[in-house]
Amino acid sequence: MAVPSNSFLLPKTLQTCIEEIIDTANLSQAGIRAVLLSTTEGVPLGRVVSEPDVATLHPELLQMMESVLAPAAKQVPVLGMNKLNQVVTLLCKPGSNLGAVRSTAAPLLRKVLEPLRSTLEKSLKPE
């Protein structure tokens, strides 16, 4: 079961949707440990961490991933989720079922994160 961890700017409904996506994907052995959301500039927007792994994930490491790796991620959109101003980083366990990540988690995350992407795009658009 996924639990919120440092939700930052995430609305509760979005946070709950991401938790449900993690739980659903992990039923297929996706092994998702965390979903990190940030802007392409590395500004953290939120994160959701799966419950069994909360103690093993260090907040400083997650923060570094959000701020350092996010700007690089926009150059290599792996799952088609790094569009415009939003970067989604999925941390998975070794031996995870990447097919479940790609077929279950990625499409569902893309769908629920579209309003966030749209909001970011509008808020960062020059007037």
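The values are calculated or read from the model by the stated rules, or taken from the named source; none is laboratory data. It should be emphasised that the depicted structure is a prediction, and the values quoted were computed from it without experimental measurement. For accessibility, only protein heavy atoms count, side chains too; no ligands or nucleic acids. Shrake-Rupley method; radii C 1.70, N 1.55, O 1.52, S 1.80 Å.
Amide H contacts under 5 Å for LEU45: LEU37, SER38, THR39, restricted to partners 5 or more places along the chain or on a different chain, H placed in the peptide plane at 1.01 Å from N.
THR119 contributes about 90 Å² of solvent-accessible surface, heavy atoms of the protein only, 1.4 Å probe.
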